[in-house]
Structures are given as structure tokens and as C-alpha cells.
1. Please work out which one of (1) hydrophobic (A, V, I, L, M, F, W, C); (2) surrounded by 10 or more Cβ atoms within 10 Å (Cβ to Cβ); (3) under 30 Å from residue A:156 (Cβ atoms); (4) not assigned by TED's automatic domain parsing to the domain that holds residue A:237 is the condition residue A:26 fails and give its number.
2. Test of understanding: among A:5, A:94, which residue is surrounded by fewer than 19 Cβ atoms within 10 Å (Cβ to Cβ) and farther than 30 Å from residue A:153 by Cα?
3. Within region B:83-93, can one find any residue that is buried (at least 24 other Cβ atoms within 10 Å of the Cβ), in contact with a Ser or Thr (Cβ under 9 Å, 6 or more places away or on another chain) and either within 13 Å of chain A (Cβ to nearest Cβ) or assigned to a helix (DSSP H, G or I) (or both)?
4. Considering (1) at pLDDT below 95; (2) touching a Ser or Thr at 6+ places or on another chain (Cβ under 7 Å), say which one residue A:233 fails and leave the rest.
5. Condition first: within 14 Å of chain A (Cβ to nearest Cβ) and of a type in the set (A, V, I, L, M, F, W, C). Now tell me which residues in region B:39-82 satisfy that.
6. One residue is enough: does region B:63-70 have a residue meeting the conditions at pLDDT 95 or above, assigned to a strand (DSSP E or B) and closer than 24 Å to residue A:166 by Cβ?
7. Take the conditions more than 12 Å from chain B (Cβ to nearest Cβ) and more than 18 Å from the chain's Cα centre (by Cα) and apply them to residue A:190. Does it pass?
8. Can you tell me which residue is surrounded by the most Cβ atoms within 10 Å (Cβ to Cβ) among those in region A:149-176 that are within 8 Å of another protein chain (Cβ to nearest Cβ) and either assigned to a loop (DSSP other than H, G, I, E, B) or in contact (Cβ under 8 Å) with a residue 40 or more places away in the chain (or both)?
Amino acid sequence: MDVREVKERVFLVLVVILSIAAVLPVFHVFLSVIWNGFGVIMEAGPNFLLDVPPAPNAGLGGIAPSLAGTLLLAVLSSLLGIPLSLFAAIFAVEFPDNPLAKMVRVLSKALLEIPSVVVGMLVYAILVVPMGRFSMLAGSLALAIMMIPYVTTYVEQALEGVPFTYREAGFALGLSRPKVVFEIMVGIARRGILTGMLIGFAKVLGETAPLLFTLGRDRYNIPLGPLDYGDSISLLIFDYAQTPYANMHQVAWGAALVLTVMFLIIFLISRKFTEEVFL
Amino acid sequence: MIEEKGYALQIEGLNVWIRGKHIIKNVGLKVPKRRILAVMGPSGSGKSTLLRAINRLIDLIPESKVEGKVLVYGTDVYSEDPYRVRRLMGMVFQTPNPFPNMSIYENVAIGPKLNRLVRSKDELNELVRWALEKAMLWDEVKGRLDDLPHRLSGGQQQRLCLARALALKPKLLLLDEPTGNVDPVNAVKIEEALRSLLRDLEITIVLVTHTPHQAVRISDYIAFIYMGELVEFGLTDTIALNPRHELTVKFLRGEV
């Protein structure tokens, strides 16, 4: 074995070890969530999804208000964020030379990495303080702000991926620009666009920091309107993990598993969408 | 330029620049109604650009500039609304490009539907059938109009694109090397379809091709373009038998 071969072996071994090191924590997270959460959910039964949380050292109860809150927040923030993202992306793609469109492009990339706790603070200042109360609306707005750059970037990429020839074909039929965009471009890119929306949806399902000062953490009542206090699974985990009570730790593990399963479902749906793209 | 009666297409003093590059240089020609004009020339000579200058798809290309006049059935293309102008014309592209997300039926129906040219579902069905028949595709697809176009062969897809263009009942049909990416059998079918269009309809055809054989076989007039300049223009028979320009002779022999 000469030196070159030895170097190659060493390199290969190094790459394999480092790859395993990189993936291991992900598996560890999944396994420990399943390991710890599964028993809790089996013990609590279906009531885990239907009941309110327990008092300290008083059984398992359930996470119904937080679960409902998480779902409602994701829907409300999607209603706020997705249309805006869609139009921002169309604007950026359709008018690439417009200064405002260039700004949209740069900002949406920059906002991808904005610290989420800052978004929470912002919404606290502009909505919670003037209204004098926490609310589902404030939480949804914070999540919408988190979601917009993601969805915008994905939709932008989906639209840019549509070959120029379809755009030409649309205009050659005498169609106006809005019709070319909405009937043809969006139609062809629809799977990519849906994937972007799902990823935005999944993103806000797990967010915690934007909700810290906006939502109010009422985890005993299911929110019925946008001005009600609410809770999310992520906040419940955050709070219960810090309590000294064993039963609340257990609820947090069960809640973590519920959240992970929700993620997995969305992940699988979005995979399905991306697989079926054919042009 | 004064409109002369009887001409489907009049081009005068047409110049096109893209990103500062002079692509079409002072081209002028006139084609009577119900004729086929073949625009032939080697790759990169500006044929496709000329075609896109006629229906103003050139507007989509950033930093493009057009000077000169184009009249299509008397309509001054560059002083009218581009969207209205494009509705007078149909276009078929080099690579078949049926909309991949729409069924065969929808591909043909979308033009008339979105341009509000039909009043009822029946009328639309009738039109879709008519266009598919004119494109010589009806018999092959009539049982599966709801299929997506990627199930069709490349040549069938190209005829679907022809039907999509015809559904708007264009006066001028522009074809950008429509048989360039199509097998020989389908190429013959497309050529047949074009000839029968001319027989039955008030339509004029401009066909871009880089093969002199196709130009001679199918057209009434030939425009030979080389490096953006119109080298020779005239009746096909004249140009095929008596080319005046040395470049044309070479191109017909396949030497350019």
C-alpha cells in the first residue's frame, strides 16, 4: 500500500465518521422523543389529546388546548402570511428589474435568519401593548412574520423553475400578464408552491420564541376567537420541562411526540408533492 | 408605410437589437394572403428573432429594441396593444411545449376560454374538436382528451401545440422550426396539416426552418436570412431554380 492509498483510506474513514457524527444527534432526538413520549401517550390514552393538563403531581391529563392552539395558530398565520408571500414572490419574479422587487428579494433572504425572539418582541410592541392583551391574533402575526420569508423564497424558486418557453406560449396566446402568471406559471409551479406553503406551515408549528410574549399561555381553555389567549405545544413543552414535577416532564415528552408526528406527516406530504413534479 | 390590399404580412425597415447586438438588419418583405413563407437560414442567423418581432414576443426579452414596421392583415403591430395584436397570430415553438399541468383538452381550450371567445361549453367543445382535427390529431386523442400531454409522443405534442394555436383562429400562423425536434413521420403529418390549413382557411403561414429541403417542399415564398440580413426574398420556385445570390446557392446545396 503506497502513501496515496493510505491517504485515501484515512480520508474515507474520516468522512464516514464525521457523517455519522452529524446525523447521530438527529436520530438521538427522534429516538429519545419516541422512547420517552410513547409510554406517556400509551399511559394517558386518547385523553392525552382531549383533556386539559394536570396539576402538579396529579396524573397526566392532556394537552387539548395547546394542540388546538398550535393548529389554529398555524392556520391563522398561514391565512395572514401565505397570500402576502405569494404576491411578494410573484412580484419579485415578474419584475426582476424593479427596485422594490429587488428589495423584496434581498429582504426575504435576510429575514430567513432573523432571531425569532426579536419577532416576538416586535409584535409585543406593535400589537400586544396597544391592545392591552395577549391574543391568538398577536401570536399568529408573529408566526406569519416568521413564515413569510420561507414561503416567499420557496415560491420564488418554484416560479423561476418554470421554463421560459411556457411563458412565451402563454403570451403568444394573447393572454395578459396576470393570466399568464396565475393560469399558467402558478399552475405549472403548483407543486413547488404547495411544498413551500407546507414548509412554512411546518416551520410555524414548532416555533416557540415568537409566542413567548404574544400568546398568553392559557393552556386550560381552547381558544375560540382571534382575540382569545391561547397556547401552543411548543410553549407547553418549554414551560413544563422547567417545572420540578415528574408528571409535567412526562406531559412534555408526550407533547413532544405529538409535535414530532405532526411534523412527520407534513414532511411526508411535502415529499409526495416534490416527487410528482414532471415537466 | 401604406397598407397594400391583399398582403397578409408586410415588413419594412425592420431592425432588432438585443443587448446592444444588432440581430435583424433592415429586413423588408411582403407576403400575400393565404401563402406560406419559409424563412430559412443557418442557426443563429436571426430567424427566430424575426418571428418574435412579428408577434412582439420580443417584448419579453430584456434590453431588446425594435425599429421599423410590421403590418399583419393591415394591423400595425407596433402601434397597437401587444396583447390584442398577439391574438391575431398563433405560434408554434421549436420544442413542443404543451402546458404540462393541463389535459389535452385544456391545452386547446385555454386560449379561447381565457380570451373569452366562446359563450358556451358546447361551443368550446366544438372549437377544441375543430382545432384538433385541423392539426390532424383528433383521431389519435379523441378517446383520451383528459390525459396529460406528457403521455403523447413528441410529434403528437407538437400537433397539440398547433391545435392550441389554431383554436384562436389566427390569421397569421408563426412556426419556429416546428419539425426540428420531431420524428420524420410526424414531421410529414405537420407539413400535411399546414397545407390543408391553407386550402380550407383564411390563414397565412410563416415557417422558420434551417433545412432548405423543407423550405422548398412546402412554401410559396422563401426569405433567406444570413447573419441578420435578408439575402434573398421571392417566390419559392424562382429561388429554388434561379437563386441570384451566391450565399443562397451555397445554402441550398447545404454548404453554409
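1. So the condition that residue A:26 fails would be (2).
2. On the way: A:94 fails: farther than 30 Å from residue A:153 by Cα.
Among A:5, A:94, only A:5 is surrounded by fewer than 19 Cβ atoms within 10 Å (Cβ to Cβ) and farther than 30 Å from residue A:153 by Cα.
3. The answer is yes, given that some residue of region B:83-93 is buried (at least 24 other Cβ atoms within 10 Å of the Cβ), in contact with a Ser or Thr (Cβ under 9 Å, 6 or more places away or on another chain) and either within 13 Å of chain A (Cβ to nearest Cβ) or assigned to a helix (DSSP H, G or I) (or both).
4. (1)
5. Restricting attention to region B:39-82, the residues satisfying the condition of being within 14 Å of chain A (Cβ to nearest Cβ) are B:48-49, B:51-64, B:72, B:75, B:77, B:80-82.
Within region B:39-82, B:51, B:53, B:54, B:57, B:58, B:60, B:61, B:72, B:77 qualify.
6. Yes: one or more hits.
7. Spelling it out, it is not the case that residue A:190 is more than 12 Å from chain B (Cβ to nearest Cβ) and more than 18 Å from the chain's Cα centre (by Cα).
8. A:173
The values are calculated or read from the model by the stated rules, or taken from the named source; none is laboratory data. Source: prediction; values computed, not measured. Cβ: placed from backbone, ideal geometry, glycine included. Neighbour counts: every protein chain shown.
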